[in-house]
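Heads up: the structure comes next, in structure tokens.
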Amino acid sequence: QRSIDPMGLQRGVLTRILYPAPEPSYSVDSFPGELVWVPKKSSLDGDAPGFGVDSVPCLLLKYPYSRFLVLFFHSNAEDLGRCYSFCQQLRDKFQVHVLAVEYPGYGVCPGVATGKSVTENALSALHFATQSLSWPLDSIKIFGRSIGTGPAIKLASLFRFAGVILVTPFLSIAELFRDRVGPLSKLVEEWYPNGDLVGKVGSPVLIIHGKSDDMIAYRHAESLFDRISTRKLLVSPPNMAHNTNLMNDLSFLVMPATHFFSLPDYIFQDLRVPSWALRRPSSWALPLLDLDELRVKRCLGGAGLGGRFDTNFDCCGPGPALQKAWLGVESCCSKAVVDLHEAQDTSQVGFDVGTLPCGLQGDPLPWHEDPAQPIAVSMPLSGPKAKDYQEEVVCRAPRGREEPRSISM
């Protein structure tokens, strides 16, 4: 009899609850010139990937001579096709480049969505932006919505970016389930411990969470906001629900982000996309080697060449290493087999079916350069909507100078 892995079964249930992938709304031929294929195991120099390298489909919408690139993580009830219009508006209203990342099992992206596999796609996209597009971290902003705030906070806890935007974020998977099933949430495997990671974020953070959200409670945003130790702004429109169109009201996203991040901004260098990124992975250059000289090393150390041909090795699970893989015959790393192995090892809660710039008046504050040392200066927005905005500037006072006190405006 075949034994059942309880953790694998639990992951399967979590995937179906947290990542209920819709029917694909686009194909590999959609969005010509904008659908890019980001290698998962790309080389550090940004060269064209070799044979045997998996790829992540991403949308890349360019804006001429923009300084900032926004790395966007969509919600769980949409794929790149369904969020295309929003990404266009994001690009046009803020005049930024937008790189939207697809999740495994969504659209034309193979695989199964889990916390680990989604984070891998996120890291691959960031690597592509910094290495292949040569875009610096201090000109990249991270944007996550709903389930997309999981990978967004993960990246922001590891790297310092130009800014982070979190729309309807959540504390953790366990806290999401606790709102629904109470104590049974302790049995859920934790994929996104956002509450623990957000304190490590060193970038300015804008949180947007409507008080009418009935899918992710507003308390999640309040708790995350309290744990952030850098410059931050919380926007909480009373009439905004979970799936409200952020572009319907300028006070939801456009005005807060424009002022908080001082958008737009420009440089004299335009973004250049390598030609191989616009070609489907099947057209990436294949090595001119005989099959018996080829060995694919994937999932553990990336694509590699050399050595003798192995008939079996660990690659998403045991199986024939290469059965005429480039002729379309299923190999151990083909989509169908990868899906099978991941479904066995992993397994989606359907959560998605003006302000002031940083700084005080007067002399510049040199300690703003290091926002990691928290001293809160509250700067709420004046006017009738002030109660819906909470901003704190966190900075470190220099020696011999009095720490700034709370300022109300």
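For the reader, a short list of remarks on this structure follows.
- Over the stretch 120-265, the hull volume per residue, using the convex hull of the C-alpha atoms, is 109 Å³.
- Greater than 19 Å apart at Cα, pairs in Lys40/Lys93; Lys154/Lys200; Lys93/Lys141: Lys40/Lys93
- For Gly163, residues with placed amide H under 5 Å, excluding near neighbours: Ile142
- Sorting 103-109, 162-168 by their mean Cβ neighbour count within 10 Å, with the most densely packed peptide first, gives 162-168, 103-109.
- For the peptides 137-143, 216-222, 227-233, 31-37, the ranking by packing is 227-233, 137-143, 216-222, 31-37, with the highest mean count of neighbouring Cβ atoms within 10 Å listed first.
- Net length gained if the chain between Gln131 and Glu23 were fully extended (0.36 nm per residue, minus Cα distance): 35.7 nm
- Under a 5 Å amide H cut-off, with hydrogens placed 1.01 Å from N, Ser55 pairs with Lys40 among residues at least 5 apart or on other chains.
- Near Leu197: Cβ cut-off under 12 Å, other residues only, Lys/Arg at +1 and Asp/Glu at -1. The net charge is +1.
- Two-site label geometry, Asp196 and Arg180: point separation in nm, points 7 Å out along Cα→Cβ: 2.2
- Total formal charge among the other residues, if their Cβ is under 13 angstrom from that of Leu90, Lys/Arg +1 and Asp/Glu -1: +4
All of the numbers you see were taken from the coordinates with simple rules; none came from a lab. Bear in mind the structure is a predicted one, so any value in this text is a computation, not a measurement. Cβ atoms come from the backbone with ideal geometry, glycine included; neighbour counts cover every protein chain shown.
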